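Novice: Could you have a look at this structure, given as structure tokens, before my questions?
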Amino acid sequence: MQLDWLRPLTRVQGPYATATLDATHIAPATSDRPEEIWANGRRHLEQLGAAADTLDAMEKSALEPSGRGGELTRVVCGASGQLLLDLTFPGRPVRQKTSFSSAPHLMPLIRGLDAHEPYAVVRVDRTGADLEMVGITGTVLEDSDVTGDHDVIHKVSAGGMGERRIQTRAEDSWKHNAGEVARAVDSVVRRGKPAVVFVMGDERAMSLLGDQASPDVRERLVPLATGGRARGVSKEAEAEAIQDELARRRAGRQQKLRDDFEAARGTTGRGAEGLDAVVEAVRKAQVDTLLLRDDPAADRTLFVGEDASMIGLTEADARQAGATAPTPDRVDAALVWSLAATGGSVGLVDDGVQLRDGVAAILRWDDDSTRH
């Protein structure tokens, strides 16, 4: 996951107040308690020393209805009297928590977003398609339909030349309508940059769409055997098929991350492992991809300075990096925040990947400190 979108936030002076809240909306009688949830979080942030103007800015967002149903997590972050971040994504938080420190605690957000990727859904028949663009937080960003203007849709058995003409006109109509759908999907892909485009519905329409799709769309197309525009289609089966494919793709990304790191560590000299090596690489803006085990080195802290890139294993180490008043913080929070400032991406790995201190990095370049 690229962290470039967090870079502007690192320019706002901390410390940072962060709240991870359960924003689940299933039934008002059992789950709609935003005021109570936020009040508890605010009270704890006040005890930690967060300023009232920052909390006021966060509160306005924390109490704003998300407009979404189901199990949800909301992460709100603020500093210097400003709201810096407000994102809601699928799934309940492992636990609700608040922090006020030199780096915002964004691991619940990283964990939630790592499990998802932006995707498009195309439900086709021979007259057109319904299109959806779903963002990385699970929000439907676009919802539209395409209806072709060619209306000879059904082939008939009339016999003789009349039958052949109607059949030819019907085939031409299907192709024309599929072309209009292909152009609309191409436009959605250019705007929304989905990682995958799920296509479902009438098999002939799916085939024609694949034939006329642009190369950029074609490489993203994943046909599903369920769903579509027809009456009686099971939305539950469609959602399950999409989630199964997204889970399969996430497993593939995890495997590629492991393979890339093994190659970097074994042959190119562009692999760093353990806190000492990774901290040094982050300070040099050398990290391309940070590999992070969930809750790495839980018993250790890093020291973070006024600038997010000023981190160290000790207070003296952080001062040597330029910090004047470094403070201790969680390893994962400090590393993610520093990487957001220097540029790069982060990938979570499971417990099956053995990493010293639970952290490693694929580097942009190698130097004497990384060569074996």
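The values are calculated or read from the model by the stated rules, or taken from the named source; none is laboratory data. Since the structure is predicted, the reported quantities are computational estimates derived from the model, not experimental observations. Counting neighbours? That spans all protein chains shown, and the Cβs are built from the backbone with ideal geometry, glycine included. These accessible areas exclude ligands, DNA and RNA; they are computed on the full protein's heavy atoms, side chains included. Shrake-Rupley method; radii C 1.70, N 1.55, O 1.52, S 1.80 Å.
Novice: If the Cβ limit is 8 Å and pairs must be 6+ apart or interchain, which residue in the range 232-244 that is surrounded by 12 or more Cβ atoms within 10 Å (Cβ to Cβ) pairs with which residue that is modelled with pLDDT of 90 or more and part of a loop (DSSP other than H, G, I, E, B)?
Specialist: Glu238/Leu224; Ala241/Leu224; Ile242/Leu224
Novice: Could you say whether any residue in the range 82-90 is crowded, with 22+ Cβ neighbours inside 10 Å and outside any strand (DSSP E or B)?
Specialist: Here is the first cut: in the range 82-90, the residues crowded, with 22+ Cβ neighbours inside 10 Å are 84, 89.
Checking which are outside any strand (DSSP E or B) leaves us with none.
No, the conditions are met nowhere in the range 82-90.
Novice: Follow-up. Do we find that Arg204 is touching a residue at least 40 places away in the same chain (Cβ under 8 Å), surrounded by 13 or more Cβ atoms within 10 Å (Cβ to Cβ), over 22 Å from Thr137 (Cα atoms) and out of contact with any Asp or Glu (no Cβ under 8 Å at 6 or more places or on another chain) in this structure? Outline the logic, then answer.
Specialist: Numbers: touching a residue at least 40 places away in the same chain (Cβ under 8 Å): yes; surrounded by 13 or more Cβ atoms within 10 Å (Cβ to Cβ): yes; over 22 Å from Thr137 (Cα atoms): yes; out of contact with any Asp or Glu (no Cβ under 8 Å at 6 or more places or on another chain): yes.
Criteria met by Arg204.
Novice: Further, regarding this structure: Could you list all residues from the range 276-294 that are buried (at least 18 other Cβ atoms within 10 Å of the Cβ) and more than 18 Å from Ala341 (Cβ to Cβ)?
Specialist: Result: Ala277, Leu291, Arg293.
Novice: Another question about this same structure. Go through (1) touching a Cys at 6+ places or on another chain (Cβ under 6 Å); (2) among the polar types (S, T, N, Q); (3) part of a helix (DSSP H, G or I) one by one and return the number of the condition Thr54 breaks.
Specialist: Every condition holds for Thr54 apart from (1).
Novice: Among the residues of the range 201-211, is any modelled with pLDDT of 90 or more, closer than 29 Å to Asp351 by Cβ and touching a helix residue (DSSP H, G or I) at 6+ places or on another chain (Cβ under 9 Å)?
Specialist: no
Novice: If you check Leu339, Leu363, which single one turns out to be in contact with a Leu (Cβ under 7 Å, 6 or more places away or on another chain), among the hydrophobic types (A, V, I, L, M, F, W, C) and either in contact (Cβ under 8 Å) with a residue 60 or more places away in the chain or surrounded by 15 or more Cβ atoms within 10 Å (Cβ to Cβ) (or both)? Steps first, answer last, please.
Specialist: Numbers: Leu363 fails: in contact with a Leu (Cβ under 7 Å, 6 or more places away or on another chain).
After applying the criteria, what remains is Leu339.
Novice: Now for a separate question. With the condition kept exactly as written, say whether any residue in the range 303-310 is open to solvent by 10 Å² or more (accessible area, probe 1.4 Å), under 16 Å from Ala277 (Cα atoms), assigned to a strand (DSSP E or B) and touching a helix residue (DSSP H, G or I) at 6+ places or on another chain (Cβ under 9 Å).
Specialist: Yes, the conditions are met somewhere in the range 303-310.
Novice: Another question, then. Are any residues in the range 77-94 more than 16 Å from the chain's Cα centre (by Cα) and of a type outside the set (Gly, Ala, Ser), and if so, which ones? Write out each step before concluding.
Specialist: Start the filter on the range 77-94 by keeping residues that are more than 16 Å from the chain's Cα centre (by Cα), which leaves 77-84, 94.
The answer is Cys77, Gln82, Leu83, Leu84, Val94.
Novice: Of all residues in the range 93-108 being touching a helix residue (DSSP H, G or I) at 6+ places or on another chain (Cβ under 9 Å), outside any strand (DSSP E or B) and crowded, with 19+ Cβ neighbours inside 10 Å, which is modelled with the lowest pLDDT?
Specialist: The first filter runs over the range 93-108 and keeps only residues touching a helix residue (DSSP H, G or I) at 6+ places or on another chain (Cβ under 9 Å), leaving 93-107.
Filter once more, keeping what is outside any strand (DSSP E or B): 93-96, 102-107.
Within this subset, residues satisfying the condition of being crowded, with 19+ Cβ neighbours inside 10 Å are 93, 102-107.
On the way: Pro93: 88, Ser102: 91, Ala103: 93, Pro104: 95, His105: 93, Leu106: 93, Met107: 91.
Checked the range 93-108; the qualifying residue modelled with the lowest pLDDT is Pro93.
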